[in-house]
């Protein structure tokens, strides 16, 4: 940390666009699938042909309501779509339909974990809008630009945060929490690389402890959470340095250059558009009544923070484990399924943390695609519990289950991994070993109790490692004691 | 046989009795249109011929009836130029809802008609392809913006035509041409496929020679359409059921205070005379006070231009019309739009952009929206005291071509009595009410309660009867070549 960093405090507010994962677009019936052939998912409506009219897709409203309710926002009984007027070739109507002065959701908050502690950041609003198309400019020095309008009319929820964040890491935590939330709600796939979750950041600095805001700069073009954190770190340093040198920060928009790790000037405030917003006369106000809200409320899943807290309380998990296990709804469901089937939350969480997460990480897989489902894992862990196999063997068996899809029992049987827990036969084997090593027996009985390990080792050797280790230990000691002459 | 002179109802009777076939009607209308076209230039283009006959056609409500459609209403595969250079090559891949409905009803499209560019104007002189002439006097305008449709009906080329009405664009030309023009309640007829001028004001409606025909066509156009969010779901009453109940029992409101200034003397005299006749026939007349209407033109030109500036933004040289060559994107936009739009459209886009601009929005757009709300309240209150409000369709009869082209304000005042129905969303109808001494049609307008087109049409039918315009129509001088048996 340099001197500049401590003199200046950053104020950060994020604007996040979440592409809502409805099957069709916001104002027409075109599909929204990512990665289709250019301009194949278009119709007269999203192409903005003369004479067409938009009709609101109510599924889109459902998605935004889920998010609004989850964040505790106030839901407007009547919200209004406006036109945001600007000329650009990827915007066929040359206006974007977006909610403006009467958004669907106002207020609310995002709950997040910062360094293992719960925190909240307030929201200004959540509103609905249509996405624009994509321009592709000739990068080889030519003057041609191509436009793909597939994305035109894809539904977006814009989530505008209050400037409540003070550190780039907080911004990262906020985005992580928001991404987790939209995924829990099933309203957005949260993929920042594909652009289904996009983030613009507003950041200013002020003397530490001040209560007024400095001049704010908007940063665009960050397509990962790490990118947002890095861009903010750079921009805060840049602004601090400017002020340290007696300069001033200009209100402007900058773009993040991830290759060079710097923010670059894009346009100044003077060149900001006058969007000439006005209510879109083609759309009637959106009315959301209590019945609609009630229906959406019943569809809400348990939210990530609530689930985290329940995991720590109900399963006595450490916060660290609970955070990891509630990272996604699928992972948390997996864990709870395993804990329930197994009847042992502790053993389930140990196995999840040590084995399942390790394998997912190694294989780069998501839990949803993980082939070994909780009942199969529970069957494996029951074998450990019943003493049929050791924990060490269980890990081997698990790897093979993942690799082959075979059930634990079958692997154990095929590879003869079952522990010998048959007392009479083990006792017989122990007696044989003791008979064969009278010197060591004498030494043991003479006080060299450490030799017990030697006999256990001999037993394991004799049983090709399959003797139940706990039982082996017990039986060896008992047999040795039996050879002690009565005092 | 002069089939082209018959009304929709008369044609239906002739078809029913087997006196003629749809093909004969079509041919008769096409011949009349061809002979009128060089003189009035009402049409932009004609269809190649009648649509192929359909098996179930006999039962369709407008079976065998030809019509003309204003060229801002989409017909799949046909030009949709709005008489603008900027849409010169545009053909929509889809039908307007009204096009679909009329086809389903058995009506046959004869051709598409001339209009003021993007429906902006009151004389059809703003058409990029040149003006239409008034069949009653070729030196005069047919009104606008649906001047081509009104002239085509007046010249007996088609029994009905479609127009669109944003501030009077059906009623004012209907008035100028001595035909009936109905602007339904906002939201009664789907706007899907109508090229938007001012979306909150635009409404499609019929232009016909009789009130009964207007009701017949209206019945086919009206009704809910899921493709238009502003289209109302209320069921459509049959407007013909009570249409012949006559003037007796009707209460008509007259906004006297609005009619003191700027009214042509013959227009004023005609209003008084017709009102007196209606009263003699048993209608009650009351005075209604509509002080907000004074602001109608100002309010209209703020809201309509604001919406237009946004609606017409898509015509940018990227997708339609001619793309101007330019050094950068902004310059290409500017050059393409400068070349593609006519003067009046450019003026309105600039006005609309201005009133929506930061710093001016509150003074113009917001204020106008508030005035609009007050106007709506005022007119609905007035209509709770009467069945319809009567006033002239326009302050003057049809004016001369070129007379107002350099005086936009004078041109805008042609719509002083019509814009309020658009601003308030209520239905209104223009009905021919007499002739000037010089033989030009006079027209009165009735404004009715929202969604009560049936009552409005009944009042209009009563007015039509006391005016006896059917006989006066014969006073129109035939166009050169008109009336020569085909």
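The values are calculated or read from the model by the stated rules, or taken from the named source; none is laboratory data. Treat the numbers as computed from the prediction; the structure is a model and nothing was measured. Cβ: placed from backbone, ideal geometry, glycine included. Neighbour counts: every protein chain shown.
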Self-check item: Matching option when the condition is at pLDDT below 90 and surrounded by fewer than 19 Cβ atoms within 10 Å (Cβ to Cβ), among A:358, A:373, A:414
Solution: A:414
Exercise. Run down B:201, B:240, B:250 and say which single residue is over 19 Å from the mean Cα position of the chain (by Cα), closer than 25 Å to residue B:161 by Cα and modelled with pLDDT of 95 or more.
Key: B:240
Self-check item: Set A:366, A:268: member being under 30 Å from residue A:233 (Cβ atoms), within 18 Å of the chain's Cα centre (by Cα) and free of Cβ contacts under 8 Å to residues at least 60 places away in the same chain
Solution: A:366
Quiz item: Within the stretch B:62-79, restricting attention to residues that are buried (at least 20 other Cβ atoms within 10 Å of the Cβ) and out of contact with any strand residue (DSSP E or B) (no Cβ under 8 Å at 6 or more places or on another chain), which residue is farthest from the other protein chains (Cβ to nearest Cβ)?
Solution: B:63
Practice problem: Would you be able to say whether some residue in the stretch A:20-30 is out of contact with any helix residue (DSSP H, G or I) (no Cβ under 6 Å at 6 or more places or on another chain), surrounded by fewer than 17 Cβ atoms within 10 Å (Cβ to Cβ) and within 21 Å of residue A:147 (Cα to Cα)? | Solution: yes
Quiz item: If we scan the stretch A:268-275, do we find a residue that is modelled with pLDDT of 95 or more, more than 14 Å from chain B (Cβ to nearest Cβ) and over 30 Å from residue B:369 (Cβ atoms)?
Solution: no
Quiz prompt | Residue list for the stretch B:335-361, filter: surrounded by fewer than 20 Cβ atoms within 10 Å (Cβ to Cβ) and facing another protein chain (nearest Cβ under 10 Å) | solution = B:353, B:354, B:357, B:358, B:359, B:360, B:361
Quiz item: From the residues in the stretch A:384-404 that are in contact with a helix residue (DSSP H, G or I) (Cβ under 9 Å, 6 or more places away or on another chain) and not in a helix (DSSP H, G or I), which one is surrounded by the fewest Cβ atoms within 10 Å (Cβ to Cβ)?
Solution: A:387
Practice problem: Look at residue B:36 and say whether it is touching a helix residue (DSSP H, G or I) at 6+ places or on another chain (Cβ under 9 Å), under 25 Å from residue B:215 (Cβ atoms) and more than 14 Å from every other protein chain (Cβ to nearest Cβ). | Solution: no
Quiz item: Which one of these does residue B:99 not meet: (1) over 24 Å from residue B:418 (Cβ atoms); (2) in contact with a helix residue (DSSP H, G or I) (Cβ under 8 Å, 6 or more places away or on another chain); (3) part of a helix (DSSP H, G or I); (4) within 12 Å of chain A (Cβ to nearest Cβ)?
Solution: (2)
Quiz item: How about the stretch B:414-439: which of its residues are in a helix (DSSP H, G or I) and touching a residue at least 60 places away in the same chain (Cβ under 8 Å)?
Solution: B:414, B:415, B:419, B:420, B:421, B:422, B:423
Quiz item: residue A:428 is checked against (1) assigned to a helix (DSSP H, G or I); (2) surrounded by 15 or more Cβ atoms within 10 Å (Cβ to Cβ) and fails just one. What number does that condition carry?
Solution: (2)
Exercise. Considering each residue of the stretch A:284-302, count those that are modelled with pLDDT of 95 or more and either closer than 17 Å to residue A:183 by Cα or within 31 Å of the chain's Cα centre (by Cα) (or both), and give that number.
Key: 11
Exercise. List every residue pair whose Cβ atoms sit under 6 Å apart, with the two residues 6 or more apart in sequence or on different chains, where the first one lies in the stretch B:216-232 and is more than 14 Å from every other protein chain (Cβ to nearest Cβ) and the second, anywhere, is part of a helix (DSSP H, G or I).
Key: B:216/B:8; B:220/B:101; B:221/B:98
Quiz item: Of all residues in the stretch A:276-303, how many are within 14 Å of chain B (Cβ to nearest Cβ) and in contact with a helix residue (DSSP H, G or I) (Cβ under 7 Å, 6 or more places away or on another chain)?
Solution: 4
Quiz item: Only one residue in B:418, B:436 is over 19 Å from the mean Cα position of the chain (by Cα), at pLDDT 95 or above and surrounded by 17 or more Cβ atoms within 10 Å (Cβ to Cβ), so which one is that?
Solution: B:436
Self-check item: Selection within the stretch A:111-143 - within 25 Å of residue A:196 (Cβ to Cβ) and out of contact with any strand residue (DSSP E or B) (no Cβ under 7 Å at 6 or more places or on another chain)
Solution: A:113, A:114, A:139
Quiz item: Can you tell which of A:91, A:49 is touching a residue at least 60 places away in the same chain (Cβ under 8 Å), within 11 Å of chain B (Cβ to nearest Cβ) and part of a loop (DSSP other than H, G, I, E, B)?
Solution: A:91
Quiz item: Considering only the stretch B:85-94, how many residues are within 10 Å of chain A (Cβ to nearest Cβ) and either within 18 Å of the chain's Cα centre (by Cα) or assigned to a loop (DSSP other than H, G, I, E, B) (or both)?
Solution: 4
Quiz item: Just to be sure, is residue A:306 touching a helix residue (DSSP H, G or I) at 6+ places or on another chain (Cβ under 7 Å) and either away from chain B (no Cβ under 14 Å) or assigned to a strand (DSSP E or B) (or both)?
Solution: no
Quiz prompt | Of residues in the stretch B:102-132 being in contact with a strand residue (DSSP E or B) (Cβ under 9 Å, 6 or more places away or on another chain) and assigned to a helix (DSSP H, G or I), the one nearest to residue B:170 (Cα to Cα) | solution = B:119
Quiz prompt | The one condition in (1) touching a strand residue (DSSP E or B) at 6+ places or on another chain (Cβ under 7 Å); (2) more than 11 Å from every other protein chain (Cβ to nearest Cβ); (3) closer than 30 Å to residue A:272 by Cβ that residue B:288 fails to fulfil | solution = (3)
